[in-house]
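Okay, so here's the structure we're looking at.
The values are calculated or read from the model by the stated rules, or taken from the named source; none is laboratory data. A quick note: this is a predicted structure, and the numbers were derived from the prediction, not measured. No Cβ is skipped: glycine too gets one built from the backbone with ideal geometry, and neighbour counts run over all protein chains shown. Calculation scope for accessible area: heavy atoms of the full protein, side chains included, ligands and nucleic acids excluded. Shrake-Rupley method; radii C 1.70, N 1.55, O 1.52, S 1.80 Å.
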Amino acid sequence: MATPYSDVYGSFLARIEEDDWIREEETEVVEADLFEILKMAVFDFRFPRIVIEFDPLTASFTNVLTNAEIQVLATLMKLHWLRRQVNTWRVIKQQYSTKDFELSSQANHLDKLLKSLEFTEKEVRRVFDTYDRSRNGSPFSFRNLAGGEPDA
């Protein structure tokens, strides 16, 4: 059975503290937005162990994703979502003079978003490192690469 998009969406939503989608009355709008962010995450997923393709008819992937793959995608979705938040606040900043903006809570909010984005970029690197160094829930054995005996 293939993995539904909702598994990745749930993991992504657990990583953010945003209720914009809760206020949206049309679920189609929410689903479309989440799917666009998911597509960006799939594009940025370096070297997945499986082919990650979409099955739009069933709102699922064509393959079964492991928890590790779901977590990588959810973290990448968070990164793209935060980038969008920062860009939105940069547009708001342009609407104010620099002095007005710096004295306001908007500057504080933008600063917090930038720090969160920086933290998430580090989190993405850590998630990729964890994913890249493990096979079937165990650390990858580099002995095989040096001509050693393969793991049983």
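Starting from residues that are among the aliphatic types (A, V, I, L, M) and either at pLDDT 95 or above or open to solvent by less than 80 Å² (accessible area, probe 1.4 Å) (or both), keep the ones in the stretch 48-70 and report whichever is nearest to A2 (Cα to Cα).
Among residues in the stretch 48-70 that are among the aliphatic types (A, V, I, L, M) and either at pLDDT 95 or above or open to solvent by less than 80 Å² (accessible area, probe 1.4 Å) (or both), the one nearest to A2 (Cα to Cα) is V64.
How many residues are closer than 19 Å to F128 by Cβ and either open to solvent by less than 50 Å² (accessible area, probe 1.4 Å) or acidic (D, E) (or both) if we restrict to the stretch 21-47?
6
List pairs: first in the stretch 113-129 and farther than 15 Å from A41 by Cβ and open to solvent by 60 Å² or more (accessible area, probe 1.4 Å), second at pLDDT 85 or above and aromatic (F, W, Y), Cβ under 9 Å, 6+ apart or cross-chain?
Correct list of pairs: empty, since none qualify.
Only one of these is closer than 22 Å to A14 by Cβ, modelled with pLDDT under 85 and loosely packed, with under 11 Cβ neighbours inside 10 Å: G147, G137. Name it.
G137
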